[in-house]
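The values are calculated or read from the model by the stated rules, or taken from the named source; none is laboratory data. Bear in mind that the values here come from a model prediction, so they are computed numbers and not experimental data. Cβ: placed from backbone, ideal geometry, glycine included. Neighbour counts: every protein chain shown.
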Amino acid sequence: MQRQGPIAVVILSALFATITFFLKGAEDIQTYALIVAIIISGFALLLGVDSLILYHMRNIQEGKNTLFSGILLISFFVTIIWGFFAWWRYGSPFAQNSTFMWLFINVYLPLDATMFSILAFYIASAAYRAFRARNFNALILLITASVIMIGRVLYSDVVFPLALSIFLFLAGLWTFINTRKLYGSELVFRRFLGGFIMGGAFLVLLPPIFKFLGGNISTLTDWLLSVPQNAAKRGMYLGLGFGQVAFALRIMFGIERSWIR
Amino acid sequence: MIFLNSLLGVDKLEIKRVDEGVVILVKFGEKLRVDSISVFKADKLNPREKPLLLGTLIYPETLLLDTTKVEGEYLVRVYYGKEKFDTGWVALNTSKVDPPKTSAISFDTSKTNILIGILLFTTLFFVLLYMARSNPKLYIRRIGGLDAIDEAVGRTAEMGKPIIYTTGIGSVDNLAILAGLTVLKHVIKKTSLYEVPVLMPNNDPLTLAAAREVVKEAYLESGRPDLYRENDVFFLTSEQFGFASGVSGMMQRLKPGAVFMMGYFYAESLILAENAQVSGAISTAGTVSIDQLPFFIASCDYTLIGDELYAASAYISRNPLEVASIKTGDWFKALSAAVISLGSILATISIFNPQVGEIVKIMVNILK
């Protein structure tokens with residue numbers, strides 16, 4: 001019964017949610033069910049508070065991370081007391097001039113913003129790893145990402161042809177110089193290819209080509225985002241949708257039970 | 001329909017009930033200069049409460065939609081002379097407005113195509129279920145991230161370090177979190193063989209309760225209930241970046257052998273993945289959040305992409321019943337790909353032959 005009970009509740013709730021989805025005029029019932037879920041999760045918060053306090057109390061008892069756990073517990077209780085004080089003093093802890101709001105604006109918000117701003121540095125380090133041209137796929141990613149990044153900046157109509165010219169010149173130079181273990185016709189072909197690519201770099205700088213490339217970079221960026229990227233995304237959404245339905249059916253029919261004891 | 005001539009300068013004021021709520025249409029300023037009209041609603045149940053401002057209309061002919069479901073009395077206030085003068089609150093006679101429809105519960109015909117799709121899916125699911133029972137060895141392609149669990153657990157055991165497991169942000173009403181919990185069970189079963197501790201910080205109290213049950217059950221099933229420590233599955237915080245900083249701090253201090261991030265993630269995904277990488281752990285991630293997937297792919301050693309996370313429990317257990325559901329999803333994916341390809345070909349042909357365009361329109365209307 002300990003196992004069957006919750007499964008029966010899940011099956012009935014899932015059937016209820018599915019049926020009300022297809023009914024017109026059942027919005028109030030759905031809203032009511034949502035309110036019930038919110039109330040239950042509100043009670044569950046007590047469970048979280050209990051776990052938090054016990055975890056850090058035990059840490060202090062065992063001498064593990066005493067400093068961090070101590071700071072957390074002190075901050076936790078000070079915040080609660082501060083909130084009650086502000087409630088008594090200002091009528092609500094969230095009143096605009098309350099001391100609790102001062103705590104929120106001057107302590108919590110800067111800490112939150114700090115963590116969020118750290119993301120910029122993590123993006124740079126992740127981008128460095130992702131953009132290393134280790135294989136052909138990574139090279140395509142590098143080129144596409146570079147085009148999109150350049151296409152989204154100010155003066156992209158000037159920056160893009162210049163960047164393309166520099167890229168072609170460097171690629172041509174590398175091809176021209178990197179001729180170790182190449183002899184005879186292979187060496188001649190490699191040198192010719194390098195020279196050809198470097199020639200392309202100068203060709204890009206010719207005013208009509210420069211203007212054409214600069215004028216079409218935003219179109220190219222938009223196309224990359226709305227056609228190949230969107231196609232891949234939609235494919236994934238489709239897979240996700242069917243995956244979700246399959247997983248939901250497994251739960252509804254009680255096949256998937258690993259989430260329950 | 002109500003015409004109000006008592007309000008100076010207001011030419012027309014209509015109140016009409018529509019499906020979405022009540023529409024208030026105002027026309028003013030033709031005879032006398034009116035700056036604006038504010039529309040309020042007084043709560044009938046709480047008459048002492050200040051009337052709620054629904055909106056201020058500044059254009060000579062404009063309408064306002066009231067979607068609040070509170071029963072109340074409409075009041076207007078008309079402003080003149082650069083808002084120096086106003087009429088005060090004037091109640092509107094709404095007796096002629098139709099009362100709200102007591103909508104009888106009926107089948108929503110606009111969702112017929114969804115119902116047919118779900119019925120087809122369920123039927124195919126049962127057919128494949130029958131087939132899976134008679135032939136339990138249905139093929140599922142390899143999922144690298146799940147195969148790597150053994151490697152990650154083995155390495156952690158050799159290092160004598162713990163494993164950190166997180167299901168990300170969200171409650172158990174999110175299917176991705178539930179899928180993350182099913183993988184957790186498998187990880188716990190593996191770690192119990194080598195007595196590797198698994199630490200699981202949680203962002204949501206309901207997830208915490210479910211995770212504790214899953215961990216307890218997994219230890220019990222693997223015959224090692226003595227390894228279960230309630231304190232290893234704990235609540236951290238429900239704040240997104242507080243959670244990210246807490247888990248990152250744990251990774252930096254404990255230097256875990258492996259980090260599993262299976263569930264639903266938002267902007268904190270990269271913070272967690274990069275910290276796992278920096279701490280030297282084998283990092284395995286799985287999420288259905290498409291916006292966060294590139295970050296995981298860039299930073300983690302193994303990533304379960306999209307619906308691979310939902311397929312994880314079937315892949316691990318090889319239970320024919322679960323495998324059948326994965327197969328159903330695959331069949332539907334193939335069917336969708338066929339329909340999309342057919343649609344694309346027909347849409348291309350319709351450029352030259354307009355009659356084909358009609359077929360495309362019918363297809364779109366059916367699927368819409």
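Details
- Test result for B:Tyr266, modelled with pLDDT under 95, more than 27 Å from B:Ile140 (Cβ to Cβ) and more than 8 Å from chain A (Cβ to nearest Cβ): yes
- Subset of the stretch A:105-128 (residues that are in contact with a Ser or Thr (Cβ under 7 Å, 6 or more places away or on another chain) and within 28 Å of A:Leu220 (Cα to Cα)): A:Ala126
- A Cβ distance below 6 Å, combined with a sequence gap of six or more or placement on separate chains, defines the contacts here; from the stretch A:156-173, residues that are free of Cβ contacts under 8 Å to residues at least 12 places away in the same chain reach residues that are buried (at least 16 other Cβ atoms within 10 Å of the Cβ) and not aromatic (Phe, Trp, Tyr) in the pairs A:Val159/A:Ile150.
- Any hit, the stretch B:319-333, residues being without any contact (Cβ under 8 Å) to a residue 12 or more places away in the chain, hydroxyl-bearing (Ser, Thr, Tyr) and not assigned by TED's automatic domain parsing to the domain that holds B:Arg142: no
- Test for A:Leu154: is it closer than 29 Å to A:Thr221 by Cα, assigned to a loop (DSSP other than H, G, I, E, B) and not hydroxyl-bearing (Ser, Thr, Tyr): yes
- Counted residues, the stretch B:174-185 - those being facing chain A (nearest Cβ under 7 Å) and under 19 Å from the mean Cα position of the chain (by Cα): 4
- Residues that are closer than 23 Å to B:Val18 by Cβ and at pLDDT 80 or above within the stretch B:29-50 comprise B:Ile37, B:Ser38, B:Val39, B:Phe40, B:Lys41, B:Ala42, listed in sequence order.
- Test: residue in the stretch A:175-185 that is over 30 Å from B:Gly306 (Cβ atoms), of a type in the set (Phe, Trp, Tyr) and in a helix (DSSP H, G or I): yes
- Residue satisfying condition, being modelled with pLDDT under 95 and either touching a Ser or Thr at 6+ places or on another chain (Cβ under 9 Å) or facing chain B (nearest Cβ under 10 Å) (or both), within set A:Ser226, A:Ser218, A:Ser185: A:Ser218
- Looking across the stretch B:94-129, the residues that are modelled with pLDDT under 90, assigned to a helix (DSSP H, G or I) and either at positive phi or exposed (fewer than 11 other Cβ atoms within 10 Å of the Cβ) (or both) come down to B:Thr109, B:Ser110.
- Failed item in (1) touching a residue at least 24 places away in the same chain (Cβ under 8 Å); (2) in the same structural domain as B:Leu178 (by TED's automatic domain parsing); (3) among the hydrophobic types (A, V, I, L, M, F, W, C), with B:Ile297 passing the rest: (1)
- Output for the stretch B:121-141, where each listed residue is more than 13 Å from B:Val323 (Cβ to Cβ) and touching a residue at least 24 places away in the same chain (Cβ under 8 Å): B:Phe121, B:Leu124
- Subset of the stretch B:309-325 [facing another protein chain (nearest Cβ under 10 Å) and either touching a Phe, Trp or Tyr at 6+ places or on another chain (Cβ under 8 Å) or not in a helix (DSSP H, G or I) (or both)]: B:Tyr310, B:Asn319, B:Ala324, B:Ser325
- Considering the stretch A:17-129, the qualifying helices (runs of 4 or more DSSP H), each wholly inside and each with 3 or more residues that are more than 13 Å from chain B (Cβ to nearest Cβ), run over A:66-90, A:99-103.
- When B:Ile290 is tested against (1) touching a Lys or Arg at 6+ places or on another chain (Cβ under 9 Å); (2) free of Cβ contacts under 8 Å to residues at least 40 places away in the same chain; (3) closer than 19 Å to B:Leu181 by Cα, exactly one condition is not met: (3).
- Candidates B:Thr348, B:Thr287, B:Thr303, filtered to the one that is of a type in the set (S, T, N, Q) and within 11 Å of chain A (Cβ to nearest Cβ): B:Thr287
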